[in-house]
1. List the pairs whose first member sits in the stretch 138-165 and is assigned by TED's automatic domain parsing to the domain that holds W18, whose second member is outside any helix (DSSP H, G or I) and at pLDDT 90 or above, and whose Cβ atoms are under 6 Å apart, counting only residues at least 6 apart or on separate chains?
2. Out of the stretch 146-161, which residues are of a type in the set (S, T, N, Q) and surrounded by 15 or more Cβ atoms within 10 Å (Cβ to Cβ)?
3. Mind telling me which of the residues A215, A165, A195 ends up being at pLDDT below 75 and outside any loop (DSSP other than H, G, I, E, B)?
4. Please pick out the residue among A85, A79 that is surrounded by 14 or more Cβ atoms within 10 Å (Cβ to Cβ), out of contact with any Cys (no Cβ under 7 Å at 6 or more places or on another chain) and small (G, A, S).
5. Just need a number here: residues in the stretch 60-69 that are surrounded by fewer than 10 Cβ atoms within 10 Å (Cβ to Cβ) and either in a helix (DSSP H, G or I) or touching a strand residue (DSSP E or B) at 6+ places or on another chain (Cβ under 9 Å) (or both).
6. Can you tell me which residues in the stretch 91-127 are surrounded by fewer than 16 Cβ atoms within 10 Å (Cβ to Cβ) and of a type outside the set (A, V, I, L, M, F, W, C)?
7. So G201 ticks every box in (1) at pLDDT below 80; (2) touching a Phe, Trp or Tyr at 6+ places or on another chain (Cβ under 7 Å); (3) of a type outside the set (K, R) but one. Which box is left unticked?
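The values are calculated or read from the model by the stated rules, or taken from the named source; none is laboratory data. Model, not experiment: these values are computed from the prediction. Cβ placement follows ideal geometry from the backbone for every residue including glycine, while neighbour counts extend to all protein chains displayed.
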Amino acid sequence: MAPTTKEAQRAELHKTIWRIANDLRGSVDGWDFKSYVLGMLFYRFISENLTAYLNKHEHDAGDVSFDYRLVADSDAEFARDEVVAEKGFYILPSDLFVNVRERAAGDENLNETLERVFKNIEASALGTDSEDDIKGLFDDLDVNSNKLGSTVAKRNQKLVKLLDAIGDLPLGRWEDNSIDLFGDAYEYLMQMYAANAGKSGGEYYTPQEVSELLARITVVGKKQVNKVYDPAVGSGSLLLKFDKVLGKNNVRQG
């Protein structure tokens, strides 16, 4: 049975991340390797986020059996323009994290596959309002780096492990979670790798407890606010806490 309390979910997540760190420890320095772990975690996040978005639209329209990850690429262009306008990017079904992971162990050119996927995601935003936001998104996730291995085969072995490890993280469905599991995984990884590198994790993110305390102090006595502004925004965790504290749609203009 999956853990349901906030503390149990966080403990299970941290235990799994620690196992990943041990499994993947090797030639890559921990502080450098965080880029691979966080980059792949983000790739999984946007894949699942897009799939959930499209599935909901189709289910609400009456096609309850629709599953975007099973759609042929040739049939998947129907929603590209609308989704890019809404989400800022687009991913074809064959390029989704779950499908790339499924084929990874038998893909002798996995490094080239991932490089192509990342370029496709960035290219999906070309000429749109989100181009600057998406451009260079995966630059730090160098799938051809010698840090992953001295040969293509060794690099691909490491990439398969990385895909499987990130795919095994117990992130579940957003609506079933008591905590923001993707956000918590990000913070835990930053804290862990920062400590190993002799750095302060606080240089790179604001801990959830601090963000929530600041948000609650700011909105005492308020049920809605017009806007929220963080002049030193980094990962965006403080801004997201206002959405959590006040509830959906109660930060009226973002």
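1. Every condition considered, the pairs that remain are V160/A105.
2. Pass one, the stretch 146-161, residues of a type in the set (S, T, N, Q): 146, 150-151, 156-157.
If the condition is that a residue be of a type in the set (S, T, N, Q) and surrounded by 15 or more Cβ atoms within 10 Å (Cβ to Cβ), then N156, Q157 are the ones that fit.
3. Values: A215 fails: at pLDDT below 75; A165 fails: at pLDDT below 75.
Step by step, each of A215, A165, A195 is checked, and only A195 is at pLDDT below 75 and outside any loop (DSSP other than H, G, I, E, B).
4. Numbers: A85 fails: surrounded by 14 or more Cβ atoms within 10 Å (Cβ to Cβ).
Checking each option against the conditions leaves just A79.
5. From the stretch 60-69, those surrounded by fewer than 10 Cβ atoms within 10 Å (Cβ to Cβ) are 60-62, 64-65; that's our starting set.
Of the ones still in play, those that are also either in a helix (DSSP H, G or I) or touching a strand residue (DSSP E or B) at 6+ places or on another chain (Cβ under 9 Å) (or both) are 60.
Adding up the residues that qualify gives 1.
6. Of all residues in the stretch 91-127, those surrounded by fewer than 16 Cβ atoms within 10 Å (Cβ to Cβ) come to 98, 102-103, 105-106, 108-109, 112, 116, 119-120, 123, 126-127.
Result: E102, R103, G106, E108, N109, E112, R116, K119, N120, G127.
7. (2)
Residue-by-condition table, conditions (1) more than 16 Å from L163 (Cα to Cα); (2) touching a Gly at 6+ places or on another chain (Cβ under 6 Å); (3) at pLDDT 95 or above; (4) polar (S, T, N, Q):
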| site | (1), (2), (3), (4) |
| --- | --- |
| R44 | no, no, no, no |
| Y68 | yes, no, yes, no |
| V71 | yes, no, yes, no |
| E115 | no, no, yes, no |
| S130 | yes, yes, no, yes |
| S145 | yes, no, no, yes |
